[in-house]
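Remarks on the structure that follows.
The values are calculated or read from the model by the stated rules, or taken from the named source; none is laboratory data. As the structure is a prediction and not an experimental result, all values here were calculated from the model. For neighbour counting, all protein chains shown are included, and Cβ atoms are generated from backbone atoms with ideal geometry for every residue, glycine included. Accessible surface is based on the protein model in full, side chains and every heavy atom, while ligands, DNA and RNA are left aside. Shrake-Rupley method; radii C 1.70, N 1.55, O 1.52, S 1.80 Å.
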Amino acid sequence: MQGENLTSWSFFFLEGFSRYPKLEIVLFIFSLLMYLITLLGNSTLILITVVDARLQTPMYLFLGNLSFMDICYTSASIPTLLVNLLSSKKTIIFSGCAVQMYLSLSMGSTECVLLAVMAYDRYVAICRPLRYPIIMNRQVCVQMATISWVTGSLTALLETSFALRIPRCGNLIDHFTCEILAVLKLACTRSLLMDTVMLVISVLLLPVPMLLICISYVFILSTILRISSAEGRNKAFSTCGAHLTVVILYYGAALSMYLKPSSSGSQEIDKIISLLYGVLTPMLNPIIYSLRNKEVKDAVKKVLGKMYLQ
């Protein structure tokens, strides 16, 4: 198949973890369990933010968007992974690969922007509490969420369209999903334009939002330390701690994937990072917010109580 153009192919082979056949059944159980927990946890968060009036605030509007993104992100790649882990013929059609790549990039990029928006929301809530209802009114929140989605969708469309146009000298992807970096390794020649597009988008969606988050938390921490009551400090730390934990997990994995030198590390390490980045983080998000947030725990108990009484 070497030397042929990708346009003559209708499918890709996914290498996945086929080099470790004894490990595949373990990974299948591991991935399936985490995927089910991800669906359950994030669906529950979306449900309680809709049905509980106390949670219809800017923070929970953004949290509901984050949960929906995590469901879409994992559903774009994990079902294919689960099927291929039990199959000897690990393939994906070209159109399926394109959709999978676009959805993964779109959801991941949107989350980068949304996490920065959530940091700004916490900054206004803690540092400008009296003006919070005015600054973060519903119209502004919807606009911010919309900007996050539009930014993620457009950058993903740009990256996907460029990546799928580049001539390739093979159709064996050394990954368990149509991850863009793995697909670009099939290119017959390096594309300066594609490298530039990837670098610019990666910088705009990773270090820039992360810098804004860090600046927000510098102001937040300085304000929290000036709060006189211990109860007030603990409540502020609790609401910000969950968001900061998610930020560290998400950006840590994303930075190690997209802003490292292309020659460093092995592809097997990239697969493990992708698995943790694509399955573990979305599973942990609702758990982190639930464990560190009394309002969420109370809302879950309320919803479960109503279901039990029925």
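Numerical summary
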{"read-out": "Some residue of region 40-49 being open to solvent by less than 10 Å² (accessible area, probe 1.4 Å) and touching a Pro at 6+ places or on another chain (Cβ under 9 Å)", "value": "yes"}
{"read-out": "Of all residues making up region 191-223, the number that are among the hydroxyl-bearing types (Ser, Thr, Tyr), assigned to a helix (DSSP H, G or I) and surrounded by 12 or more Cβ atoms within 10 Å (Cβ to Cβ)", "value": "4"}
{"read-out": "Set ILE71, ILE78, ILE48: member being more than 29 Å from LEU158 (Cβ to Cβ), in contact (Cβ under 8 Å) with a residue 24 or more places away in the chain, part of a helix (DSSP H, G or I) and among the hydrophobic types (A, V, I, L, M, F, W, C)", "value": "ILE48"}
{"read-out": "Sole residue being over 14 Å from TYR102 (Cα atoms) and hydroxyl-bearing (Ser, Thr, Tyr), chosen from SER153, SER191, SER161", "value": "SER191"}
{"read-out": "Subset of region 51-61 [in a helix (DSSP H, G or I) and either open to solvent by 30 Å² or more (accessible area, probe 1.4 Å) or within 15 Å of ASN285 (Cα to Cα) (or both)]", "value": "VAL51, ALA53, ARG54, MET59, TYR60, LEU61"}
{"read-out": "Selection status of GLY170, open to solvent by less than 50 Å² (accessible area, probe 1.4 Å), at pLDDT 75 or above, outside any helix (DSSP H, G or I) and among the small types (Gly, Ala, Ser)", "value": "yes"}
{"read-out": "Candidates TYR277, TYR251 - the one that is aromatic (Phe, Trp, Tyr), in contact with a helix residue (DSSP H, G or I) (Cβ under 6 Å, 6 or more places away or on another chain), modelled with pLDDT under 80 and surrounded by 14 or more Cβ atoms within 10 Å (Cβ to Cβ)", "value": "TYR277"}
{"read-out": "Out of ALA242, ALA156, sole residue that is touching a Leu at 6+ places or on another chain (Cβ under 6 Å), under 21 Å from MET107 (Cβ atoms) and touching a residue at least 40 places away in the same chain (Cβ under 8 Å)", "value": "ALA156"}
{"read-out": "Among residues of region 86-107, those that are open to solvent by 10 Å² or more (accessible area, probe 1.4 Å) and either assigned to a helix (DSSP H, G or I) or under 19 Å from CYS240 (Cβ atoms) (or both), counted", "value": "10"}
{"read-out": "Flag if SER290 is at pLDDT below 85 and within 24 Å of PRO129 (Cα to Cα)", "value": "yes"}
{"read-out": "Residues of region 178-190 satisfying the condition of being outside any helix (DSSP H, G or I) and closer than 19 Å to LYS271 by Cβ", "value": "CYS178, GLU179, LYS185, LEU186"}
{"read-out": "Hits in region 20-38 (condition: loosely packed, with under 15 Cβ neighbours inside 10 Å and either touching a residue at least 12 places away in the same chain (Cβ under 8 Å) or acidic (Asp, Glu) (or both))", "value": "ILE25"}
{"read-out": "Test: VAL218 is modelled with pLDDT of 85 or more and within 30 Å of ILE287 (Cα to Cα)", "value": "yes"}
{"read-out": "Test result for TYR132, surrounded by fewer than 18 Cβ atoms within 10 Å (Cβ to Cβ), assigned to a helix (DSSP H, G or I) and free of Cβ contacts under 8 Å to residues at least 60 places away in the same chain", "value": "yes"}
{"read-out": "Test result for GLY64, under 19 Å from ALA125 (Cα atoms), in a helix (DSSP H, G or I) and open to solvent by less than 60 Å² (accessible area, probe 1.4 Å)", "value": "yes"}
{"read-out": "Residues satisfying the stated conditions in region 135-158, i.e. crowded, with 19+ Cβ neighbours inside 10 Å and assigned to a loop (DSSP other than H, G, I, E, B)", "value": "MET136"}
